[in-house]
Every structure is written in structure tokens, then in C-alpha cells.
């Protein structure tokens, strides 16, 4: 029975974008994301079935990825909010949007993370590996924060995130 997309698939997809669209060996993706090679392989298969990556090359399909991230990810993977905690800023509180949006006095959204330096309102990441993987890769961090802004942001935050994500996808995937 075919299986739908899982949250880890979004992390794998965004990581492929951060590589500039190239598909490195499964073991490298697994290591970079702290996932097992079998988890990454299964993610590739689900992403192929969803027509988000090319079956032959493994490269993300820019238009499909952009459409899904901008319009579908918030419905497929709705945000779960939680208590105040220490963590890593995300959505509009993280780069690149934090320089464009002034704080409104609310606690910033954060991924729970014992190594985090910011106190904020919990916004559960797409997958538990997101904070660790994002610390290792600033480009991945910014892309995941933009996806969170699309999943959870107010109208202006979503509009800015959509514009910034579109620019990055065009630059990274050239096509």
C-alpha cells in the first residue's frame, strides 16, 4: 500500500534544496541529517511518488517543490504549538525574516532545544532532527525557518517567506 509523505521527507527535501539541487550519496544525506540511510532512502521513494524529486536524477523539481511548500505544507504538516521553553528561533524569529519583521512583544517561536539560547513559545519542528541538522547547515536552517513561517505565520510573514523561498529555490535549483 503506498504511503503518503512523512515529516522527515520535508527535512530531506529541504536538505536536497540546500545542496543546490544535487543529490549526494544517501549516506551523506543521512549523516548530515542524523537519520539512518534506510530512512533517507524511503524518503527519496516517497518524494519521487509525490513528484517532488526527479525519478532519474533525484533532483528536486523546483516548480513542484515551490507549489507544495508555499501552498500545501501547512495543511499536510500543521504547526503544533506548546509551552514556553528554551530553544532555537524559527519562522519569523530566525534568519532571514528576523531582519525584516519587528518583534510585536510576543515570545518568539522556537524549536525546543536544550542547547538553544532563546526563550520562546514552542513550535514543534517538522521533525525532531531539525534543530541538530540546522545547527550544522545555516542554509538548511534558513530554509526550514521559511517553511515554518509559511506553516505558522501571519499574512505579512507568510508573504515575505513565500517571496524569499521562491528566490532561494530559483537560485538553488536553476530551473
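Each reported figure results from applying straightforward, stated rules to the coordinates on display, with no laboratory input. What you see is a predicted model, and the numbers here were worked out from it, not measured in a lab. In this analysis, Cβ positions are derived from the backbone assuming ideal geometry, glycine residues included, and neighbour counts consider all displayed protein chains.
Quick notes on this structure:
- If you go through segment 16-64 and keep only what is assigned to a helix (DSSP H, G or I), within 23 Å of residue 142 (Cβ to Cβ) and touching a helix residue (DSSP H, G or I) at 6+ places or on another chain (Cβ under 6 Å), you end up with 17, 18, 29, 30, 33, 40, 43, 47, 62.
- Of all residues making up segment 20-38, the number that are under 19 Å from residue 144 (Cα atoms) and touching a residue at least 12 places away in the same chain (Cβ under 8 Å): 9
- Within the set 134, 121, the sole residue that is closer than 21 Å to residue 16 by Cα, touching a strand residue (DSSP E or B) at 6+ places or on another chain (Cβ under 8 Å) and without any contact (Cβ under 8 Å) to a residue 60 or more places away in the chain turns out to be 134.
- Any hit, segment 105-118, residues being surrounded by fewer than 18 Cβ atoms within 10 Å (Cβ to Cβ), touching a helix residue (DSSP H, G or I) at 6+ places or on another chain (Cβ under 6 Å) and closer than 23 Å to residue 32 by Cα: no
- Residue 159 meets each of the listed conditions (1) touching a residue at least 60 places away in the same chain (Cβ under 8 Å); (2) not in a loop (DSSP other than H, G, I, E, B) apart from (1).
- Residue check, residue 74 part of a helix (DSSP H, G or I) and farther than 21 Å from residue 162 by Cβ: no
- The residues of segment 75-92 that are under 19 Å from residue 129 (Cα atoms) and surrounded by 14 or more Cβ atoms within 10 Å (Cβ to Cβ), listed by number, are 76, 77, 79, 85, 86, 87, 88, 89, 90, 91.
- In a residue-by-residue description of segment 77-98, the property of being touching a helix residue (DSSP H, G or I) at 6+ places or on another chain (Cβ under 8 Å) and either free of Cβ contacts under 8 Å to residues at least 12 places away in the same chain or more than 26 Å from residue 120 (Cα to Cα) (or both) applies to at least one position.
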